Each structure stands twice: as C-alpha cells, then as structure tokens.
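Here's the structure we're looking at; comments come further down.
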Amino acid sequence: QVKLVESGGGLVQAGGSLRLSCAASTTAFSIISMGWYRQAPGKQRELVATITPGGRVNYADSVKGRFTISRDNAKKMVYLEMNSLKPEDTAVYYCNSAESWQMGWGQGTQVTVSE
C-alpha cells in the first residue's frame, strides 16, 4: 500500500523559514513527477511546486523565488524549502504525485505563519 508521510511543519513568524519533508513508499517514486500541495482553511487544495524525476522544477507564482522543491530518488524523499514565509502561506501542506493521478493523501503537515 502506497504511503505518504509529511513532516517539518510548525509555527513561524513572517519572514522565517521551514523545510518540509515527505517520505513516499511507492516503488514508482523514481519515475513519477512529485509535487507539494497546500490547503488553507476554507480554500481548495492547490499545487505549489512540482519536480520531475530528472529534477526539472516548476512553481506557482505565489511561491516563486521563495520556495525550493527537491527530491532524493534513492531515499524516496521530496523536500520543500520555504523562505520568506508570509501569513498567506498558512495551510496544511501535502506531497503527492504531480501526474494526472494522485496516490492516497497523507495526513499533511501544518504550517502556520504569524504576523
């Protein structure tokens, strides 16, 4: 059974940084694009960053220049380095496939950015 486990969230002041990690148990990890998603209270889940198996990255405009996605295929890990955090970045963050299909969602990790 595929499992995704996110960690690294927390409470941080505006302008601060956090590094999120995601451990994926799928055997297909090294051949699929992965992404970080977030869902703020009362809002739909949105895709904020993606990375292909070869390392090509893409970002939502709202996080471009502040967030960096990376992956370690050998360890089946995806990371999200978040800098210059803003209160509007407050959300539950999830990792999952960035392909046209998704695996079962993990529990996510809460990121809260205070003024």
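The values are calculated or read from the model by the stated rules, or taken from the named source; none is laboratory data. No experiment lies behind these values; they were computed from the predicted model shown. Don't worry about glycine lacking a Cβ; one is built from the backbone with ideal geometry, like all the others, and counts go over all protein chains shown. Accessible surface areas use protein heavy atoms only, side chains included; no ligands, DNA or RNA. Shrake-Rupley method; radii C 1.70, N 1.55, O 1.52, S 1.80 Å.
Okay, here's what the table says:
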{"read-out": "Checklist (1) under 17 Å from I32 (Cα atoms); (2) touching a Phe, Trp or Tyr at 6+ places or on another chain (Cβ under 6 Å) applied to M82, failing item", "value": "(1)"}
{"read-out": "In segment 4-22, the residues that are open to solvent by 40 Å² or more (accessible area, probe 1.4 Å), closer than 12 Å to M77 by Cα and not β-branched (V, I, T)", "value": "S7"}
{"read-out": "Matching option when the condition is surrounded by 14 or more Cβ atoms within 10 Å (Cβ to Cβ), in contact (Cβ under 8 Å) with a residue 24 or more places away in the chain and over 14 Å from E46 (Cα atoms), among V63, V78", "value": "V78"}
{"read-out": "Which listed residue is at positive phi and over 13 Å from the mean Cα position of the chain (by Cα), from K43, K64, K76, K86", "value": "K76"}
{"read-out": "In segment 87-109, residue nearest to L11 (Cα to Cα) [restricted to those that are part of a loop (DSSP other than H, G, I, E, B) and out of contact with any Ser or Thr (no Cβ under 9 Å at 6 or more places or on another chain)]", "value": "G108"}
{"read-out": "Among (1) within 18 Å of C22 (Cα to Cα); (2) surrounded by 18 or more Cβ atoms within 10 Å (Cβ to Cβ), the one test that V113 misses", "value": "(1)"}
{"read-out": "Pair list, Cβ under 6 Å, 6 or more apart: segment 32-49 residue open to solvent by 20 Å² or more (accessible area, probe 1.4 Å), other residue aromatic (F, W, Y)", "value": "Y37/Y94; R45/Y37; L47/Y37"}
